[in-house]
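Chemist: First the structure, which I've put down as structure tokens, then a few questions once you've had a look.
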Amino acid sequence: MRGEFLDLSGARLYYYAAGTRGAGEPVVFIHGFPTSSHLWGDVVPLMPAGHRLVVLDLLGYGRSDRPLGRDVGVRAHAERVIQMLDELRIDRACVVGHGVAQSLAIRHSERVSHLGLIDTVAFDGWPTLKGRLARASLPVTKFLSPRVVAGALRTSLRRAYADPSRAAHSIDLYARPFGDAEGRDAVIAHVRALRCDETSALGGDLAKIAMPTAIVWGQHDSVVPVEVGRQLQQTIRGATLDVVAGARHFTPEEAPQRVADAIAALLERGS
């Protein structure tokens with residue numbers, strides 16, 4: 001496993017590569033707000049051999065650069081992923097992720113061989129009430145200390161885990177980039193980007209997705225309810241839905257084997 005930085009239009013994105021090259025399609029793992037490539041850390045070792053695996057930190061998360069005024073909306077993230085694929089000379093890949101993965105599957109369908117959606121935001125039923133309150137409080141948030149903002153982020157994340165011990169370790173990693181003034185500003189930029197505009201715009205095109213699609217959801221996800229997963233399955237032709245009992249929002253961490261098995265089965269389906 002090796003980690004590297006790619007300079008994409010003046011912003012450095014971190015990624016690491018794993019797996020083994022073979023006849024199988026590459027697999028690209030994309031996290032969502034407010035996590036990082038750590039989300040997939042337990043899934044990657046369980047993936048079948050013969051696939052090049054690429055796991056990245058989106059702009060403003062993990063080891064990647066801070067946004068510093070750059071767009072961190074769903075579509076902007078998706079365009080940067082395409083730039084990354086170009087740099088890595090990956091023509092097509094199985095894309096596993098959330099809202100960014102949907103954008104890629106619809107706006108760049110020629111680059112996506114298979115699609116895995118895991119507890120993803122979708123349609124127009126988000127942000128949650130807490131997310132909307134967070135956006136409404138942004139004029140005040142910019143005057144709060146980084147410690148207060150990071151503490152609020154930690155509290156919000158903790159509720160999305162079923163296992164408190166796992167939550168403690170992961171939250172430390174996810175919150176680390178947001179502990180200073182620039183980090184606080186990054187949180188504000190990310191929360192400001194939590195709008196349903198892009199996924200609402202994509203919603204009408206989900207039925208056009210033609211690549212094999214697998215959906216995995218935590219049964220007790222309180223961030224994006226499992227009903228959204230069922231709606232996605234009904235909308236995307238031929239999509240499968242695997243509901244993981246006992247899991248909440250961070251299913252790749254709470255049930256990595258189930259997620260890896262679902263992606264492995266997805267890769268067996270013809271593109």
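Quick note: the coordinates plus some simple rules give every number you see, no bench work behind them. None of the values given here were measured: they were computed from a predicted structure. Cβ coordinates were reconstructed from backbone atoms using ideal geometry, including for glycine residues, and neighbour counts include every protein chain displayed.
Chemist: Work out how far the C-alpha atoms of region 183-244 reach from end to end along every principal axis, then list the three figures in whole Å, largest first.
Modeler: Principal extents (Cα only, largest first): 41, 27, 17 Å.
Chemist: Turning to a different aspect of this structure: Using only DSSP helix segments of four residues or longer, with each worth -39500 (n - 2.57), what per-residue ellipticity at 222 nm results for the chain after dividing by its residue count and rounding to 500? Please list the in-between numbers first.
Modeler: Details: 11 runs with 105 residues, N = 271.
It comes out at -11000 deg cm²/dmol, rounded to the nearest 500.
Chemist: Please report the net charge: other residues with Cβ closer than 15 Å to the Cβ of Pro256, K and R +1, D and E -1. Walk me through the intermediate numbers first.
Modeler: Working: positive: Arg166, Arg248, Arg258; negative: Asp42, Asp119, Asp163, Asp242, Glu253, Glu254, Asp261.
Residues near Pro256 contribute -4 overall.
Chemist: As I understand it, the dipole of the chain uses +1 on the Cβ of Lys and Arg and -1 on the Cβ of Asp and Glu, about the Cα centre. Which of Gln102, His220, Ala17 lies farthest toward its positive end?
Modeler: Going by the Cα projections, it comes out as His220.
Chemist: Turning to a different aspect of this structure: Can you pull the percent of Cα pairs in region 212-256 with separation above 12 Å?
Modeler: On the way: 535 of 990 pairs.
It works out to 54 percent of all Cα pairs.
Chemist: How big is the dipole moment of region 203-271 about its Cα centre under a simple scheme where the beta carbon of each Lys and Arg is +1, that of each Asp and Glu is -1, and everything else is neutral? Debye, nearest 20, please. List each step's numbers first, then the result.
Modeler: Working: 6 positive and 8 negative charges, 47 e Å.
My answer is approximately 220 debye.
Chemist: Another one. Find how many whole Å separate the alpha carbon centroid of region 53-70 from the alpha carbon centroid of region 1-19.
Modeler: The distance from the Cα centre of region 1-19 to that of region 53-70 comes to 9 Å.
Chemist: Take the Cα coordinates of region 1-107, assign each an equal point scatterer, and use the Debye formula without solvent to give log10 I(q)/I(0) at q = 0.11, 0.16, 0.20, 0.21 Å⁻¹.
Modeler: Those come out to -0.30, -0.65, -1.04, -1.16, one per q.
Chemist: What net charge is computed for the residues neighbouring Val112, neighbours being all others with C-beta under 12 Å from the C-beta of Val112, Lys and Arg scored +1, Asp and Glu -1?
Modeler: Value of the local net charge: 0.
Chemist: How big is the chain along each principal axis, measuring the range of its Cα positions in Å and listing the largest first?
Modeler: Projected onto the principal axes, the Cα atoms of the chain cover 52, 38, 37 Å.
Chemist: Here is a further query. State log₁₀ I(q)/I(0) for region 31-92 at q = 0.22 Å⁻¹ as given by the Debye formula over alpha-carbon point scatterers of equal weight, solvent excluded.
Modeler: Log10 of I(q)/I(0), two decimals: -1.03.
Chemist: For region 54-124, take N as its residue count and report Rg(C-alpha) divided by 2.2 N^0.38 Å.
Modeler: Details: Rg = 12.0 Å, N = 71, 2.2 N^0.38 = 11.1 Å.
In units of the 2.2 N^0.38 Å rule of thumb, it is 1.08.
Chemist: Still on this structure: So what's the gap between the Cα centers of region 203-220 and region 148-189, to the nearest angstrom?
Modeler: 28 Å
Chemist: Tell me, rounded to the nearest percent, the portion of alpha carbon pairs in region 1-40 spaced more than 12 Å apart. Don't jump to the answer; show the numbers that get you there.
Modeler: Working: 538 of 780 pairs.
Beyond 12 Å sits 69 percent of the P(r) for region 1-40.
Chemist: What net charge is computed for the residues neighbouring Gly41, neighbours being all others with C-beta under 14 Å from the C-beta of Gly41, Lys and Arg scored +1, Asp and Glu -1? Can you show the working numbers first?
Modeler: Values: positive: Arg63, Arg166; negative: Asp42, Asp57, Asp172, Glu253, Glu254.
Neighbourhood net charge equals -3.
Chemist: Something else: What ranking do Arg66, Arg184 get, fewest neighbouring Cβ atoms within 10 angstrom at the top?
Modeler: Details: Arg66 19, Arg184 22.
By the 10 Å Cβ count, ascending, the order reads Arg66, Arg184.
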